[in-house]
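Student: Please find one structure pasted underneath; my questions will follow.
The values are calculated or read from the model by the stated rules, or taken from the named source; none is laboratory data. Keep in mind that what you see is a predicted model, and the values were worked out from it rather than measured. Positions of Cβ are backbone-derived with ideal geometry, glycine not excepted, and every protein chain shown enters the neighbour counts.
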Amino acid sequence: MIVHKSKKVIILNVIFTLNNILYMITDLKGDVLFWSSVGSHKIKNTKKITTTSIFLSIKDLKFFLNRHNFNYIFLNIKGFSKYKKVVLKYLKQFYSEIILIYENTNISHNGCKNSKIRRL
């Protein structure tokens with residue numbers, strides 16, 4: 001893909017963990033330009049993963065992206081959460097220039113076979 005110098009392209013990585021949601025903005029080389037998380041707003045425990053706290057962290061991203069005038073966004077999502085659709089909805093509201101959404105969640109397939117039980 002050929003990108004002109006006036007067009008700025010970034011990668012937005014969203015990582016869902018059990019207790020937090022991490023946002024990381026990188027350039028095409030992989031250098032981190034900005035990062036944020038739901039836990040960085042001094043919200044603790046079960047209140048950390050709610051729609052209002054997700055909205056606050058996405059507002060941080062919006063402020064950073066508007067300040068630097070990025071035109072196109074690649075979205076990379078990793079992890080399991082029931083709020084994944086909420087995050088996607090807010091991101092689509094704020095940024096109309098999302099080029100690609102890539103889901104990078106590892107799904108286990110029952111894992112390795114257990115070792116045989118030793119009988120005496």
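Student: Report whether or not Ile49 is within 11 Å of the chain's Cα centre (by Cα) and surrounded by 12 or more Cβ atoms within 10 Å (Cβ to Cβ).
Tutor: Judged against the criteria, Ile49 is not a match.
Student: With the structure loaded, tell me whether Phe55 is assigned to a helix (DSSP H, G or I), closer than 11 Å to Leu12 by Cβ and either in contact (Cβ under 8 Å) with a residue 60 or more places away in the chain or in contact with a Phe, Trp or Tyr (Cβ under 9 Å, 6 or more places away or on another chain) (or both) or whether it fails that test.
Tutor: no
Student: Looking at (1) at pLDDT 80 or above; (2) among the charged types (D, E, K, R); (3) at positive phi, can you tell me which one Lys42 breaks?
Tutor: Condition not satisfied by Lys42: (1).
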